[in-house]
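Beneath this line is the structure, given in structure tokens, with notes to follow.
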Amino acid sequence: MLYLMICGAGPASHIDVAIKLAHDAGWSVYCVATPAAVEHFLDLDELEQLTCHPVRTGYQGQGQPALPRADAVIVAPATYNTINKWAAGIADTYVLSQLAELTGLGVPIAVLPFVNTALAANAVLHRSFDVLRSSGVRVLFGEDGFQPHPPRQGNRVMAAYPWHLAIDAVQ
């Protein structure tokens with residue numbers, strides 16, 4: 001069971017690519033999405049058809065089945081906001097509370113950021129990467145991961161977003 005935690009960034013509109021790669025690698029995929037991802041980038045009905053599972057956007061409701069135990073987690077596209085809040089222990093969304101718990105349980109997690117060069121230049125982001133790495137999270141950023149793009153140029157790099165790196169990282 002693979003949890004695909006989807007944040008509100010441009011590549012989320014192409015999450016079908018990640019789902020297809022995960023299926024090809026033998027994973028059953030459960031999508032869990034941030035409010036921004038749902039509001040701006042995702043078609044929940046399409047995701048449910050692709051994964052054969054409902055998309056979780058909030059806490060378990062009355063009569064709603066629990067998510068199965070995750071064998072691995074991918075956080076992608078991971079935003080500056082989610083990365084920094086997660087590393088700081090802030091759990092003010094369902095995705096962040098799940099990430100806090102799954103990190104504490106030692107479930108294998110790969111995070112594939114989507115940030116521009118201005119955000120990537122902030123020391124706080126690199127401190128957050130260090131905190132996550134020290135907790136066992138595989139951060140796919142830099143030479144062997146996501147390469148930041150100039151501000152306001154995200155649309156130009158969407159097709160090259162390296163979904164495959166996240167899938168490979170949890171195999």
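From the residues in the range 97-115 that are at negative phi and part of a loop (DSSP other than H, G, I, E, B), which one is most open to solvent (accessible area, probe 1.4 Å)?
Pass one, the range 97-115, residues at negative phi: 97-105, 107-115.
After this cut, where a residue has to be part of a loop (DSSP other than H, G, I, E, B) as well, the list is 107-108, 114-115.
Values: Val107: 25, Pro108: 69, Phe114: 26, Val115: 2 Å².
Filtering first and then ranking leaves Pro108.
For the range 1-29, which positions are open to solvent by 30 Å² or more (accessible area, probe 1.4 Å) and of a type in the set (A, V, I, L, M)?
Met1, Val17, Leu21, Ala25
All but one of (1) within 25 Å of Gly104 (Cα to Cα); (2) in contact (Cβ under 8 Å) with a residue 40 or more places away in the chain; (3) touching a Gly at 6+ places or on another chain (Cβ under 9 Å) hold for Pro11; which doesn't?
In the conditions (1) within 25 Å of Gly104 (Cα to Cα); (2) in contact (Cβ under 8 Å) with a residue 40 or more places away in the chain; (3) touching a Gly at 6+ places or on another chain (Cβ under 9 Å), Pro11 misses (1) alone.
Let me spell it out: the conditions are (1) open to solvent by less than 60 Å² (accessible area, probe 1.4 Å); (2) touching a strand residue (DSSP E or B) at 6+ places or on another chain (Cβ under 9 Å); (3) within 18 Å of Tyr3 (Cα to Cα); (4) not aromatic (Phe, Trp, Tyr), and Gln171 meets all of them except one. Which number is the exception?
It fails just one condition, (1).
Go through (1) polar (S, T, N, Q); (2) under 18 Å from Val38 (Cα atoms); (3) surrounded by 12 or more Cβ atoms within 10 Å (Cβ to Cβ); (4) touching a Leu at 6+ places or on another chain (Cβ under 9 Å) one by one and return the number of the condition Gln60 breaks.
(3)
Just checking, which of Leu50, Leu42 is in a loop (DSSP other than H, G, I, E, B), open to solvent by less than 60 Å² (accessible area, probe 1.4 Å) and in contact (Cβ under 8 Å) with a residue 24 or more places away in the chain?
Leu42
Going through Thr82, Thr117, Thr57 one at a time, which residue ends up being out of contact with any Asp or Glu (no Cβ under 9 Å at 6 or more places or on another chain) and farther than 26 Å from Pro148 by Cβ?
Being out of contact with any Asp or Glu (no Cβ under 9 Å at 6 or more places or on another chain) and farther than 26 Å from Pro148 by Cβ holds for just one of Thr82, Thr117, Thr57, which is Thr57.
Does Ile90 meet the test of being aliphatic (A, V, I, L, M), under 14 Å from Ser128 (Cβ atoms) and open to solvent by 50 Å² or more (accessible area, probe 1.4 Å)?
Yes; evaluated as a whole, the condition is true for this residue.
Of the residues Cys31, Cys7, Cys52, which single one is at positive phi and of a type outside the set (Val, Ile, Thr)?
Values: Cys31 fails: at positive phi; Cys7 fails: at positive phi.
After applying the criteria, what remains is Cys52.
List the residue pairs whose Cβ atoms are under 9 Å apart, where the first residue sits in the range 66-94 and is over 18 Å from Trp163 (Cβ atoms), the second is among the basic types (Lys, Arg) and part of a strand (DSSP E or B), and the two are 6 or more positions apart or on different chains.
Leu67/Arg56; Tyr94/Arg56
Filter the range 138-160 down to residues that are out of contact with any Phe, Trp or Tyr (no Cβ under 7 Å at 6 or more places or on another chain), at pLDDT 90 or above and closer than 18 Å to Ile19 by Cβ, then give me how many there are.
Summing the residues that are out of contact with any Phe, Trp or Tyr (no Cβ under 7 Å at 6 or more places or on another chain), at pLDDT 90 or above and closer than 18 Å to Ile19 by Cβ in the range 138-160 gives 0.
The values are calculated or read from the model by the stated rules, or taken from the named source; none is laboratory data. Note that the coordinates shown come from a computational prediction; the quantities given were computed from them, not determined experimentally. Ideal geometry is used to build each Cβ from the backbone, glycine not excepted, and the neighbour counts take in all protein chains shown. Protein only, heavy atoms only, side chains kept; ligands, DNA and RNA dropped before computing areas. Shrake-Rupley method; radii C 1.70, N 1.55, O 1.52, S 1.80 Å.
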